[in-house]
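Data block below; observations after.
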Amino acid sequence: MTAQPLLEVSNLSVTFPSEAGPVAAVRSLSYHIMPGEVLGIVGESGSGKSVSSLAVMGLLPSRAKITGSIRFKGAELLGQSDKDLSTIRGRRISMIFQDPLSALTPVFTVGDQIAEAVLIHQKLSGHAAMDRAVELLELVGIPNPRQRASAFPHEFSGGMRQRAMIAMAIANDPELIIADEPTTALDVTIQAQILETLEKARETTGAAIIMITHDLGVIAGAADRVTVMYAGKPVETGAIDDVFYQPRMPYTLGLLGSIPRLDMAERQPLTPIEGSPPSLINLPRGCPFTPRCPMRIEKCEQVEPELVVLNASGAGHAAACHRSNEIEQQNLKSTDIFPAPVIGEPEVGAVPRAQREAVLELRDLVKHFPLVKGAILRRRVGTVFAVDGISLDIREGETLGLVGESGCGKTTTIMEILNLTTPASGRIVVFGKDTAGMTAQDRFAVREDLSVVFQDPQASLDPRMPVSSILAEPLETHGVPAGERTARIEELLQIVGLRAEHMSRYPQEFSGGQRQRVGIARALALKPRLVVLDEPVSALDVSIRAGVINLLEKLRMDLGLAYLFVAHDLSVVRHIADRVAVMYLGKIAEIGEVNRVFSLPAHPYTQALLSAIPLPDPRKERARRRIILKGDIPNPSDPPSGCRFRTRCQKFAGELNDQQRQRCIDEEPLLTAQNGPEGDHLAACHYAESYAVLDDVGGK
Amino acid sequence: MVPKKADPDSRSRLVLRRFLRRRLAVAGLFLVALFFVFAYLGPFVYKWQYNQLDFQAFLQPPSSEHWFGTTQNGFDMLALTMRGMQKSLIIGLIGAVLSTGIAAVAGAAAGYFSGWTDRVTIALIDLLLVLPSFLIIAILSPVFSGRTWLVFVLLLSAFQWMITARVVRSMTLSMKEREFVYAARFTGVSNWKIIVRHILPNMSSFLIIDATINVSSLILSEVGLSFFGFGVQPPDISLGTLINDHWQSASTPNGYQFYLPAFLLILLVLAVNLVGDGLRDALDPNAGIGGDR
């Protein structure tokens, strides 16, 4: 190619001073991007992917030491004054940030803010700029753009704010858009909308996009080329297909092998990458991945490998590993390199489900929150229908995945279960006992068998307590004699893969994955029978997730636990759960055996949800037909009549005739069996129809 | 294996390092320590005692015999000040611990239990805030005069805790939504145990800072009330009573009688506040003036 690259970054290094020593956030990063191309930069938190893009924008604080070169269309950006950069920023290079809430000023209307972005770089009248803002809002798919332009950011939902950010980014027809985790804070159906909008923005402006993310699925469908970063350095780069199908650096291999796949019916073994990313202070010489790499040799500790072009697997495919050639010659897979434990089925699985004892039963559970106004004279102005009649049961040794987007009532449901109080309406039966008739002692006794693991391991461990006290608390509370506690704590640490000497450490001395293991150990302290897992892996880095998922599976197998696994990540649910319940606006939309629900979803919402999740498989991802839902989840204090999903339903909008629609509006659909009259695959849709979303690759 | 004591907590070392970096705070701490030595060990070294009369020296200016002169009755001024300082320091300390303690318990209970506990506590706080504390203590002073000064300390702290309690309450409100509190609740740990074991320790930096700053404000309240005769009652001596006894001499050649206790009072309050500021910066770096982090 003779064309000049749009952006060329070479040997970029960024160092921050800190109390403990200089932090090498980015180390000799080089990449280029051609006009109109989409480059993905993948890495875990702390890999330097965001810092490097801030360096391109010239937005790093002045104390950061930046060396190397960043050339935009041949002109050096590094060293230019802030004033000069301002003529480029926003006009020729623009940026989309992760958190759309903090990226918009709360005191100005969205329209004003977009118009401002236009006015800074273009000589237009205020009126014309406002018209342009409305036009842009329309382009990014905001309904009633003229009216919405005068709304304030807090009146926008998260997805709409991110659309507004995209509108602002393309306001001046930039040549390059840097999108820094543009969908991380959003729900999957909204993520699909945003990715579609970004694609549309790229088509209209012809801009190149640098897409920074930790989600390999997002990259797979969108990017042309990809660079994988680890500890501030690029470790592998190449065309998307080459990197995804023929990874040549153990880290990339491990990363790809550690993601559960939505499209795999069988439980494929996940390859966890042991350990955690290194601290960027005083990095040892040699390859920073060495301590976690199962293929390490002596040379790895001595010499840090350079990014070397491998010619056999695609043009421009380069990896930074001393043993890339071996991997290439033997065409090693992640399971060849990383130990992938094969985890069987729990013994209790042999007993037919109907004969097993139910550990948890919910019958028409309802939880409404009153909306009150006024400080002294409180009056009820409305009701949030957080959970509105859900029924499910979990049998012994079984894992039920409870999935849905934020605001669907998952968290309220598990809080109702864990509080063990009498629900406003409906019944909660735990281990055969109804919470309605429970005394305080009964509840206390139940808590021994029912435990919980929370999402954020940082927040779920008291930072003021050493691990020994954290684990001793449940033991002490339930009267385990002091003499036996230490032995039990040691045993617990060993079960979750930690060592006895970790006992005296504080939570902040652990990495995220280890902290979550401590949280799991605490949940197991009293030998429970049912563990509620509230998004146990979603706060963890991708490479660490697999280890925790494997641990949870192993524990289930060894200890015969039943799990209520709450998640928004359907691929994890497919990997770990036996049954799955899909929630939408306080109701269950579909429930059934996991493989059946995932391969033949009957409810349009489940279909859309499955279709929205990007697969870490570029070819499949490009070929897939995607169902994009419209709009956001309706306000749970004012749910639509009849079927709650009808306002966003693709079927309602596209396939049904007026008479059929009327039924959706008037009549609330009940859960009905989809696989024979006695079947346990239930969907709440008047027009339920199985549709193999994941196999539909016929499209464009 | 006996779980060995946690390694020297890296957090406390970090706090210490941050504290030591603030020169003024270290100077303040040094001064406070000096005041304690002065007030409690001074009398053992110094020739005169606070209750000893020197009939050879009435109203004498400073000399090698009486370093800061004598009063009209022949008491040694420096000995009196040491004695008064003892009382002021102890009142400040006990009062501060007491009022922060009340605030912690009341605020945490209000925030954690919410419902009527919260409403009653808030009502009490609002009531106490609108009552003129100075006036009430003044009116009550005949009741406790002649009894121990501890009653006075109790009254002082009873009017000191409200603002802190409000802050503690709102901190508790956000902390009880934290997952580790849920985790404890869902294992069946009792409510008060959760408050004592999880909630209060996690706001200990705030409580420590608050208690330190309370020391100086309690000393000032004590001095103010004693000055008007409503606080520490004779035969007890505090900095307040000393200033009260001698303020009229401020503009006379015997000014030293006033200036010594007054100057030491200012220095003490200043030192305590410097320590408080330093502690805040060390324990809670984000609350300070910030700058380039």
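Read-outs throughout are calculated quantities, based only on the coordinates presented, and are distinct from any laboratory measurement. Predicted, not measured: the structure shown is a model, and the values here were computed from it. As a convention, Cβ positions derive from the backbone with ideal geometry for all residues, glycine included, and neighbour counts pool all protein chains shown.
Might you report the magnitude of the Cβ-based charge dipole of chain A about its Cα centre, with Lys and Arg at +1 and Asp and Glu at -1, to the nearest 20 debye? Mind dumping the intermediate values first?
Numbers: 74 positive and 84 negative charges, 219 e Å.
With only Lys, Arg, Asp and Glu charged at Cβ, the dipole is about 1060 debye.
Taking a Cβ cut-off of under 11 Å around A:SER45, the surrounding Lys, Arg, Asp and Glu residues balance to a net charge of -2, with basic ones at +1 and acidic ones at -1. Note on B:ARG21, A:ARG285: ascending count of other Cβ atoms within 10 Å places them as A:ARG285, B:ARG21, the fewest first. The 3J(HN,Hα) values that the Karplus relation (6.51, -1.76, 1.60; θ = phi - 60°) gives for the stretch A:448-457 are, in residue order, 5, 9, 10, 9, 9, 10, 9, 5, 9, x Hz. Gly and Pro appear as x. By DSSP, the beta bridges lying fully in chain A are antiparallel in about 60 percent of cases.
Which residue, A:THR672, A:VAL480, B:ILE213, has the largest displacement toward the positive end of the dipole of the protein assembly as shown when charges sit on each Cβ (Lys, Arg +1; Asp, Glu -1)? Among A:THR672, A:VAL480, B:ILE213, the one farthest towards the positive end of the dipole of the protein assembly as shown is B:ILE213. Compactness of the stretch B:64-103 was expressed as the Cα radius of gyration divided by 2.2 N^0.38 Å, which yields 1.72. Would you be so kind as to identify which of A:ALA129, A:GLN147, A:PHE385 lies farthest towards the positive end of the dipole of chain A, taking Lys and Arg as +1 and Asp and Glu as -1 on Cβ and the Cα centre as origin? Going by the Cα projections, it comes out as A:ALA129.
Computed extension gain for A:VAL480 through A:LYS123, at 0.36 nm per residue and net of the alpha carbon distance, reaches 121.0 nm.
Label-to-label distance, B:PHE30 versus A:SER102, with points set 7 angstrom from Cα along the beta-carbon direction: 4.0 nm. For the pair the stretch A:648-693 / the stretch B:46-115, the C-alpha centres are spaced 82 Å from each other. Cross-link partners of A:LYS651 among lysines, defined as those whose alpha carbon lies under 27 angstrom from its own and excluding same-chain residues fewer than eight positions apart: A:LYS200, A:LYS410, A:LYS587, A:LYS620, A:LYS630, A:LYS700. Within a straight-line Cα-Cα reach of under 18 Å, A:LYS49 can be paired with the following lysines, leaving aside sequence neighbours fewer than 8 residues apart in one chain: A:LYS65, A:LYS233.
Scanning chain A for long hydrophobic helices, with DSSP H runs required to stretch 27 angstrom or more by C-alpha along their axis and to average at least -1.0 on the Kyte-Doolittle scale, returns nothing. Counting only residues 5 or more places away or on other chains, whose amide H sits under 5 Å from the amide H of A:VAL308 once H atoms are built in the peptide plane? Close amide H contacts, sequence-distant or interchain: A:ALA319, A:ALA320, A:CYS321. The label point for A:ARG63 and the one for A:SER81, both projected 7 Å from the Cα toward the Cβ, are 2.6 nm apart. Across the stretch B:114-248, C-alpha contacts under 8 Å between residues 6 or more apart give a mean separation that, scaled by the residue count, equals a relative contact order of 25 percent.
Cross-link reach is defined here as a Cα-Cα straight distance under 20 Å, omitting same-chain residues fewer than 8 places apart; for A:LYS123 the aspartates and glutamates meeting it are A:ASP84, A:ASP112, A:ASP131, A:GLU135, A:ASP173, A:GLU175. Positive contributions from Lys and Arg (+1) and negative ones from Asp and Glu (-1), summed over other residues with Cβ under 11 Å from the Cβ of B:ARG21, come out at +2.
Between A:ARG625 and A:PHE369, the FRET efficiency from the beta-carbon distance, with R0 = 45 Å, is close to 0.70. With contacts taken as Cα pairs under 8 Å and at least 6 residues apart, the stretch A:278-405 reaches a relative contact order of 16 percent.
Given 0.36 nm per residue, what is the gain on full extension from A:GLN355 to A:LYS73 after removing their alpha carbon distance, in nm?
Full-extension gain reported as 94.6 nm.
Taking 0.36 nm per residue of separation and subtracting the current Cα-Cα distance, fully stretching the chain between A:PHE444 and A:GLU501 would add 17.4 nm.
Fewest Cβ neighbours within 10 Å first, please rank A:TYR506, A:TYR605, B:TYR46 accordingly.
On the way: A:TYR506 20, A:TYR605 30, B:TYR46 15.
Fewest to most other Cβ atoms nearby, the residues stand as B:TYR46, A:TYR506, A:TYR605.
Here's how it looks for A:MET583: its modeled amide H is under 5 Å from those of A:VAL403, A:GLY404, A:ALA589, which are all 5 or more places away or on a different chain.
When only Cα pairs below 8 angstrom with a gap of at least 6 residues are kept, chain A shows a relative contact order of 13 percent. Here, P(r) means the percent of Cα pairs in each 5 Å bin from 0 to the largest distance; for the stretch A:207-294 it is 3, 12, 22, 23, 19, 13, 6, 2, 0. Centre-to-centre, using Cα atoms only, the stretch A:587-618 and the stretch B:167-226 are separated by 47 Å.
In peptide B:183-196, what is the residue-averaged number of other protein chain Cβ atoms found within 10 Å of each Cβ? Could you put the intermediate results ahead of the total?
Numbers: counts 15, 6, 4, 13, 17, 13, 6, 2, 0, 0, 3, 1, 0, 0.
Mean inter-chain Cβ contacts per residue within 10 Å come to 6.
In this calculation the C-beta distance from B:SER251 to B:VAL130 is compared with R0 = 35 Å, giving a FRET efficiency of 0.35. Amide H contacts for A:VAL235 (H built 1.01 Å from N in the peptide plane; partners 5 or more residues away or on another chain; cut-off under 5 Å): A:VAL228, A:MET229, A:TYR230.
Calculate the mean, over all residues of peptide A:456-464, of how many other protein chain Cβ atoms lie within 10 angstrom of the residue's Cβ.
Numbers: counts 3, 1, 2, 7, 6, 3, 11, 5, 9.
Shielding by partners across A:456-464 averages 5.
Averaged over residues, the count of other Cβ atoms within 10 Å places the peptides A:655-664, A:580-589, A:273-282 in the sequence A:580-589, A:273-282, A:655-664, highest first.
Computed from backbone phi, the HN-Hα couplings of the stretch A:218-229 come to 4, 5, 3, x, 9, 8, 8, 10, 9, 10, 9, 10 Hz, rounded to whole numbers (Karplus: 6.51 cos²θ - 1.76 cosθ + 1.60, θ = phi - 60°; Gly and Pro given as x). Taking a sphere under 11 Å around the Cβ of B:THR241 and counting the other residues whose Cβ falls inside, with K and R at +1 and D and E at -1, yields a net charge of -1. Extending 7 Å from Cα along the Cβ direction at A:MET264 and again at B:GLU65 yields two label points whose distance is 9.9 nm. Across the stretch B:157-169, computed HN-Hα scalar couplings (Karplus, 6.51 cos²θ - 1.76 cosθ + 1.60, θ = phi - 60°) run 6, 4, 9, 10, 8, 5, 4, 4, 4, 5, 5, 4, 4 Hz from first to last residue, x flagging Gly and Pro.
Dividing the helix sum by the residues of chain B, where each DSSP H run of 4 or more adds -39500 (n - 2.57), gives a mean residue ellipticity at 222 nm of -21000 deg cm²/dmol.
What whole-number distance in Å separates the alpha-carbon centres of the stretch A:232-266 and the stretch A:326-342? Taking the Cα centre of each part, the stretch A:232-266 and the stretch A:326-342 sit 12 Å apart.
Size estimate for the protein assembly as shown follows the Kirkwood approach: the inverse of mean 1/r over distinct Cα pairs works out to 32.9 Å.
Put in order of Cβ neighbour count within 10 Å, fewest first, the listed residues A:LYS554, A:LYS367, A:LYS49, A:LYS527 become A:LYS527, A:LYS554, A:LYS367, A:LYS49.
Helical runs (DSSP H, four residues minimum) scored at -39500 (n - 2.57) apiece and divided by the length of chain A put the mean residue ellipticity at 222 nm at -9500 deg cm²/dmol.
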